[in-house]
Amino acid sequence: MEIKLHSGFELNGTSFKNTQELLRFSESVSNSIHTFLKQFFDEADSVKLQTSGSTGTPKTIEIKKKSMVNSALATGSFFDLGKGTTVLLCMNPEFIAGKMMLVRALILGWKLDVVAPSLNPFKDVKKKYDFSAIVPLQVANSLDDLHKVKKLIIGGGVISKELENQLQELSTEFFATYGMTETVSHIAVRRITNYELRNTNYKVLPKINISKDNRNCLVINAPLITESEIVTNDLVEIISDSEFKWLGRYDNIINSGGIKLIPEQIEGKLSKIIDQRFFVAGIPDELLGEKLVLLVEIQSDKGSKEQRGKVKKRKIVISNAVRNLKTLDKYETPKEIYFIDKFVETATKKIQREKTLNIFTKNFN
């Protein structure tokens, strides 16, 4: 498939007459970007992409270039971002989120700047941008600098209620996205900021159809992006033909004494009182089958006496707050609370629940 480079596209302040000029220039920007652009502009109809591995083993899949172009057009239309839009790419270009920022810029004629991924990619940025995309961990570490972007999409993880509340004070328009590598980045968006417009439901992009299977998991039909429908493991409530509420992951469900618990729903309640990264999970229990536990990422009791005292106090505060949280019913209250130095992550900073839990239970036993 022949891909046409938009005449308005710029990379790090440089414009290009043709793809050959762009490919030569991209070598000085990033090996990952150069490699992807070579693949994107070759004669093949598809490109090979790697999934993040947040819900399983990372794998390589093929995505049609036409699908990537259609996804880029849908995003541009949804957010009203046309030629001349200034954009900052601060996510890893090895994965779909970073690659699609490149594709959108190439197809829509954006002026794209690239910085290395970091916890606060906006810290040393001197100018303001119309649009960017980051993950929740970057958001939490960039609160003082997010005003440098007019519209910002957040993907790759659940956004805590506390973090959402902090974003209400900022001038930036924030949106949570729903998607995966197989859907060529996001296919639905939820507005986080602006009390009059914000919504707890995800609104699908144009030309996307949604339904549920017999497990109550989301089924996506997006003919312009993928030839076959995508059956997910995401538990949802269908609100309308164009809106759904995300409830959690089917493969995370905990069966505790015959009661089915959705971790993400419990975590939504806990996020109001815990500002560290955390998640709930089920571990084997002779009586219940699975026992609900809470794992919190917090530094170990090391360092000076004062530091150890602060950590110990923080753990006590969290434990007491969880056990006294009235919005949790008796089945949703964790039976045990464990504190862990560091969660296992994917390359895109998503928590790998299963691997973290496996390492924890192995060391605990």
- [ ] State whether one or more residues within the range 126-138 are of a type in the set (Lys, Arg), assigned by TED's automatic domain parsing to the domain that holds VAL47 and crowded, with 16+ Cβ neighbours inside 10 Å.
- [x] no
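Given the condition of a type in the set (A, V, I, L, M, F, W, C), part of a strand (DSSP E or B), touching a residue at least 12 places away in the same chain (Cβ under 8 Å) and closer than 17 Å to ARG198 by Cα, answer yes or no: does some residue in the range 153-166 qualify? So that I can check it myself, show each step before the final result.
Initial filter on the range 153-166 (of a type in the set (A, V, I, L, M, F, W, C)): 153-154, 158-159, 163.
Filter again for part of a strand (DSSP E or B), leaving 153-154.
Going one step further and asking which of them are touching a residue at least 12 places away in the same chain (Cβ under 8 Å), we end up with 153-154.
Adding the requirement that they be closer than 17 Å to ARG198 by Cα leaves 153-154.
Yes, there is a match, as at least one residue in the range 153-166 is of a type in the set (A, V, I, L, M, F, W, C), part of a strand (DSSP E or B), touching a residue at least 12 places away in the same chain (Cβ under 8 Å) and closer than 17 Å to ARG198 by Cα.
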- [ ] Name, by its number, the condition in (1) without any contact (Cβ under 8 Å) to a residue 60 or more places away in the chain; (2) in a loop (DSSP other than H, G, I, E, B); (3) under 20 Å from the mean Cα position of the chain (by Cα) that does not hold for LYS272.
- [x] (1)
Task: PRO206 vs. criteria outside any helix (DSSP H, G or I) and not assigned by TED's automatic domain parsing to the domain that holds LYS350 - done: yes
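The values are calculated or read from the model by the stated rules, or taken from the named source; none is laboratory data. In this text, all values refer to a predicted model and were calculated from it rather than measured experimentally. Using ideal geometry, Cβ is built from the backbone for each residue, glycine included, and neighbour counts are taken over all protein chains shown.
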